[in-house]
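What follows is a set of notes on a single structure, which appears directly below.
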Amino acid sequence: MEYTEPQLTDNALKVLERRYLSKDETGKVIETPLQMFLRVANYIASADKAYGKSEQDIQNLTKTFYDVMNNCEFVPNSPTLMNAGKDLGQLSACFVLPVEDSVDSIFEAIKATALIHKTGGGTGFDFSKLRPKNSSVKTTGGISSGPVSFMKVFNSATQAIKQGGTRRGANMGILRVDHPDILEFITCKQDDKEITNFNISVTLTEDFMRCVENGEEYNLIDPRTGKPVKKLPAREVFDLIVKMAWKNGEPGIIFIDKMNDFNPTPNLGRYEATNPCGEQVLLPYESCNLGSINLDKMVDFSEGRPAINWERLKTVTHVAVHFLDNVIDSNKFPLSQIEQKTKLTRKIGLGVMGWADMLVRLGVSYNSEEAIELASQVMSFILKEAEDKSHSLAEERGAFPAFSGSIYDVEGGKKIRNATLTTVAPTGTISIIAGASSGIEPLFALAYTRHVMDNDKLLEINPYFEKVAKERGFYSRELMEKIAEKGSCHTLVEVPEDVRRVFITSHDITPEWHIRMQAEFQKYTHNAVSKTVNFPHHSTVDDVKKVYILAHQLGCKGITIYRDKSREEQVLNISTKKEEKKEEETSSVLLSPLPRPEVTCGTTTKISTGCGNLYITVNEDDKGLPFEVFMQMGKSGGCAGSQLEAIGRLVSLALRSGLDSKLIIEQLKGIRCPSPSWEQGGTRIFSCADAIARALERRRALPKTKSADTKVKQMPLHRDEKWETSSLHHRMGNVVGVCPDCGASLKHEEGCVKCESCGYSKC
């Protein structure tokens, strides 16, 4: 069969090369995008063999699966793209693990977490069964340290694993609002340097929300005894949750009873936890496979006007459900318990991306009743077609094994293959691959500048906006640069009013419209909807509170908010008199670095890292000992370049202060990043810091010589490779920092922190 080459954007190609395409032992890419899509399509289609399909049937299905991915109409979750058809073979994105009130259970969960994270999955935990802080432990006679303390242990384990260099470890930590340690949990991330590998959410019950509404106290329940131990004013606890979310975006909230209202298998247990972004609620040991339809590709021109191609949307929905059901059979699960529980319910999560693109192409403003109505039409259509396809699969293959006793097991009801079908999940990286807007989020920015070598600036403009600007005659370089500065055209009179109305960005939209859109999609989503509600920096705590209450009233299953620039505000640290006195006592013995001579000599080592070639220059003193270090990356800029300069300065300061380089090597060696590489000869370089340690280590192994006799390999004055980094202006809404991988801006969207440039995602 003939397979056409994918037509992907430059950004999509960069992300694929960095994170998805197969590499050899030296880190060299050995796979094309066509080969990747074909690898995935063939592996997933092959699951049909178990249901009696012929070889020709498999080939035809492979072509069908390939085409929807190649056309960027449907893209599965990242682990499927990364691992399908490979030895690892773990294809799921979402897992929930149980944490019972025993040391054995806690560390079994940590072990399971390690196995999941190294295969690219994310994990969710409910810590509500752990006994409160300072409770007695009968077996040892000691006292318990409480859920937050153990959550930090999980966090440290995740930090050590780093998901094998493809995806960083991501967790969701959950605690019920009636747990005695709830106040400590709510405030445990007020310093955003703490518990960095966790998103946290509080599960709110309907009883609690009733107490909030009525201004009543509610009971805190000891999870060991099930008995009340204390009362708290519900409004004060709710206000604390709101205040912390206003401060830095966490905790999120989960309306757990609403999630259990659509629990398809209540006979198997109640929902307690979700995956890292909160949209996939699962029973203990369940996993879920996600994928998203690109709604942008579902718009055609009919009679000279753009319109939704409902027939194509139906076809792609059916193909996607078939694909995701096959993923369950093709999956190599990290634990036998997970395989058993997953196959018992066969849950899948089909979602969408490109919603903002679809609205723009149809000429519909995101914050309009027309958009809300269209959301209802699109998502209800997808759900209905997904149910029809799941029913036909059940007729052919059988219903999910736990069908008996499920909510579908009613007289006259249809059998269904999958206990859940729809989830609106984050699409951070796969939306870059598809060239689509993220999930159901509004457009993030209409234009931005990409900074490249020699301080040149490349202007990146939303293609649909650029097309309209040129067709309507208001395009100019100056105007596009002005829009790039603001990120939005909302206040620019140079742009026609009807264009400003349609091309609206996330911070042009009031939080209420964000919630209304989320709630409308939730009506037709079996699981939940991942979305960030954006607030401007000047928003008040009361503004956030109103939106939380509105989310509950409109039937959302959870909510995540982010107030612009809130994470740039640091927690104040007040030093005690004792600390001040100690600082005074130690100041007299501080070391002073030796002055730098006008001329130094040394060596430059070139080391290949996952981010490009790193050139490390080690200069020596007059005794031939390392004296200072400089670094330059072949493909670096922005945050990466500044961090290398910072490390170089600090290492140089330590060396000039007389610190043995062996101690520096011990600190830097083995530090890991998401993009390890291999040098010729098979040496693995875990990160730039690790590369610096190895360069110093190699220099120590050389005989000490007078620096005047040392042959110097000069650092090239001009880079031999093109490089670039992108950055969005910090006034452009939900920018939360810079990407640790490429130096571009990070944004808070879909309940996660991610980079649009290289595909990095905290989740």
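Please work out which residue is most open to solvent (accessible area, probe 1.4 Å), limiting yourself to region 171-210 and to residues that are in contact with an Asp or Glu (Cβ under 6 Å, 6 or more places away or on another chain) and within 22 Å of ALA551 (Cα to Cα). Steps first, answer last, please.
First pass over region 171-210, keeping only residues in contact with an Asp or Glu (Cβ under 6 Å, 6 or more places away or on another chain): 174, 189, 200, 205-206.
Cutting the leftovers down to within 22 Å of ALA551 (Cα to Cα) gives us 174, 200, 205-206.
Working: ILE174: 0, ILE200: 3, THR205: 18, GLU206: 50 Å².
Out of the qualifying residues, it is GLU206.
Within region 552-564, which residues are farther than 12 Å from THR532 by Cα and either of a type in the set (Gly, Ala, Ser) or open to solvent by 50 Å² or more (accessible area, probe 1.4 Å) (or both)?
As a first pass, look at region 552-564 and keep what is farther than 12 Å from THR532 by Cα: 552-557.
Across region 552-564, the qualifying residues are GLN553, LEU554, GLY555.
Mind listing just one residue for me: the one in region 211-258 that is over 28 Å from ASP101 (Cα atoms) and within 26 Å of the chain's Cα centre (by Cα) and, of those, surrounded by the fewest Cβ atoms within 10 Å (Cβ to Cβ)?
Only one residue fits best here, namely LYS243.
Across region 466-497, what is the number of residues that are outside any loop (DSSP other than H, G, I, E, B) and touching a residue at least 40 places away in the same chain (Cβ under 8 Å)?
Taking region 466-497 as the starting set, the residues that turn out to be outside any loop (DSSP other than H, G, I, E, B) are 466-472, 477-486, 497.
So of that shortlist, the ones also touching a residue at least 40 places away in the same chain (Cβ under 8 Å) come out as 484-486.
So the answer is 3.
Taking TYR524 as the residue in question, decide whether it is touching a residue at least 24 places away in the same chain (Cβ under 8 Å) and surrounded by fewer than 22 Cβ atoms within 10 Å (Cβ to Cβ). Explain how you work it out, then say what you get.
Values: touching a residue at least 24 places away in the same chain (Cβ under 8 Å): yes; surrounded by fewer than 22 Cβ atoms within 10 Å (Cβ to Cβ): yes.
Against the criterion (touching a residue at least 24 places away in the same chain (Cβ under 8 Å) and surrounded by fewer than 22 Cβ atoms within 10 Å (Cβ to Cβ)), TYR524 qualifies.
Is it true that some residue in region 319-338 is of a type in the set (Ser, Thr, Tyr) and in a strand (DSSP E or B)? Give the steps one after another, and end with the answer.
Within region 319-338, the first condition is being of a type in the set (Ser, Thr, Tyr), and the residues that meet it are 330, 336.
Next cut, in a strand (DSSP E or B) only: none.
Checked region 319-338: no residue is of a type in the set (Ser, Thr, Tyr) and in a strand (DSSP E or B).
Hey, does region 136-159 have a residue that's open to solvent by 40 Å² or more (accessible area, probe 1.4 Å), within 30 Å of ILE433 (Cβ to Cβ) and without any contact (Cβ under 8 Å) to a residue 40 or more places away in the chain?
Yes, that holds for at least one residue.
Just to be sure I understand, how many residues within region 408-428 are touching a helix residue (DSSP H, G or I) at 6+ places or on another chain (Cβ under 7 Å) and open to solvent by less than 20 Å² (accessible area, probe 1.4 Å)?
7
Among the residues of region 259-282 satisfying the criterion of being touching a helix residue (DSSP H, G or I) at 6+ places or on another chain (Cβ under 8 Å) and open to solvent by 10 Å² or more (accessible area, probe 1.4 Å), which is nearest to THR342 (Cα to Cα)?
Result: LEU268.
For the subset of region 671-700 comprising residues that are without any contact (Cβ under 8 Å) to a residue 40 or more places away in the chain and over 23 Å from ASP24 (Cβ atoms), which member is farthest from the chain's Cα centre (by Cα)? Reasoning before the result, please.
First, pick out the residues of region 671-700 that are without any contact (Cβ under 8 Å) to a residue 40 or more places away in the chain: 671, 681, 683-684, 686, 690, 693, 697.
If we keep only those that are over 23 Å from ASP24 (Cβ atoms) as well, we get 671, 693, 697.
Working: ILE671: 22, ALA693: 30, GLU697: 35 Å.
Step by step, filter region 671-700, then rank; the result is GLU697.
Determine whether GLU441 is of a type in the set (Asp, Glu), over 20 Å from CYS758 (Cβ atoms) and either without any contact (Cβ under 8 Å) to a residue 60 or more places away in the chain or crowded, with 22+ Cβ neighbours inside 10 Å (or both). If you could, list the steps in order and put the result at the bottom.
Working: of a type in the set (Asp, Glu): yes; over 20 Å from CYS758 (Cβ atoms): no; either without any contact (Cβ under 8 Å) to a residue 60 or more places away in the chain or crowded, with 22+ Cβ neighbours inside 10 Å (or both): yes.
Answer is no for this residue.
Among the residues of region 527-551, which ones are in contact with a Gly (Cβ under 9 Å, 6 or more places away or on another chain) and surrounded by fewer than 16 Cβ atoms within 10 Å (Cβ to Cβ)? Before the answer, list the steps.
Within region 527-551, the first condition is being in contact with a Gly (Cβ under 9 Å, 6 or more places away or on another chain), and the residues that meet it are 527-532, 534, 536, 551.
Matches in region 527-551: PRO536 only.
What do you reckon, is ALA519 part of a helix (DSSP H, G or I), surrounded by fewer than 23 Cβ atoms within 10 Å (Cβ to Cβ) and at pLDDT 95 or above? Give the steps one after another, and end with the answer.
Details: part of a helix (DSSP H, G or I): yes; surrounded by fewer than 23 Cβ atoms within 10 Å (Cβ to Cβ): yes; at pLDDT 95 or above: yes.
Taking the combined requirement at face value, the residue satisfies it.
GLY249 - would you say it is of a type outside the set (S, T, N, Q), under 30 Å from VAL15 (Cα atoms) and modelled with pLDDT under 95?
Working: of a type outside the set (S, T, N, Q): yes; under 30 Å from VAL15 (Cα atoms): yes; modelled with pLDDT under 95: yes.
Yes: the conditions hold for GLY249.
Test each condition in (1) at pLDDT below 95; (2) closer than 15 Å to GLN337 by Cβ; (3) surrounded by fewer than 19 Cβ atoms within 10 Å (Cβ to Cβ) for ILE116 and report the one that comes out false.
The failed condition is (3).
The values are calculated or read from the model by the stated rules, or taken from the named source; none is laboratory data. Small disclaimer: the values here were computed from a predicted structure and weren't measured. No Cβ is skipped: glycine too gets one built from the backbone with ideal geometry, and neighbour counts run over all protein chains shown. When the accessible area is computed, the model is the full protein with side chains, heavy atoms only, and any ligands, DNA or RNA have been set aside. Shrake-Rupley method; radii C 1.70, N 1.55, O 1.52, S 1.80 Å.
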